[in-house]
Each structure stands twice: as structure tokens, then as C-alpha cells.
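The values are calculated or read from the model by the stated rules, or taken from the named source; none is laboratory data. Quick caveat, the model's predicted, so the values are computed rather than measured. So basically every Cβ, Gly included, is an ideal-geometry build from the backbone, and we count neighbours across all protein chains shown. These accessible areas exclude ligands, DNA and RNA; they are computed on the full protein's heavy atoms, side chains included. Shrake-Rupley method; radii C 1.70, N 1.55, O 1.52, S 1.80 Å.
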Amino acid sequence: NGVAVCASAKRLTEDIRRRLLPSAALAVEFRNRDWIISDDVLAETARWLNEECGGATLVCSDDLLHELLVGDKAQRGLAPGEERQRLPLRLADGGPGWLYCRI
């Protein structure tokens, strides 16, 4: 689900940052939890956004366990009798401009 952590995804994001006016803010929404899966990975994502993407803002989608088990196009909601299980909230100390949004 979403774009995996890879060099091409990072290059594309960095290219988008370069195309924007320096005064324009950039927010990046990660739809693949692998960008923030552990404390170390979250810290690396935060470092990369700050250093290579001009301090881009982090926006993370609310994740439910059942949504990660199937692809986006196969989403059918919870099976009868199942309960929603929210995945743990992950926050980074990314400095000014960072935001975590749960909708």
C-alpha cells in the first residue's frame, strides 16, 4: 500500500522540492508505513526530509491494521465480527514545520 521506501521515491520527492519556489512549503504524506515503521526508520525519514527536502512537513495517514493486510483496490472494510485496530501513533522530533495529522 502506498509508495515503498526506495531511492527513486526519494529522488522524486527531492526533485519536487527543487521545482518549488524556495519560499514554498512542502508537505509529504506517507501512505506506506515502512517510512515510519520503527524509531530508527522514522528518525531517518525525519532527517532526510529536513536535510534533503528543505524541512518538508510530515503528514501521516491514520492506519488501521486491516487496511494494511490487503491492497488499496481490494479494500472492503472489516469482515463481519472484526473490530477496528489502530496502529500505534509515531511522532518524530523533526523541528519547525512538522505536523502529524490524524483524520
Environment charge of Glu14, counting only residues whose C-beta is closer than 14 Å and scoring Lys/Arg +1, Asp/Glu -1
+3
If you stretched the chain out fully between Glu29 and Glu83, how much longer would it get, using 0.36 nm times the residue separation minus the C-alpha to C-alpha distance?
16.8 nm
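Ranked by accessible surface with a 1.4 Å probe, highest first, in what order do Val28, Val41 come? Let's see the in-between values first.
Details: Val28 20, Val41 50 Å².
Largest to smallest exposure gives the sequence Val41, Val28.
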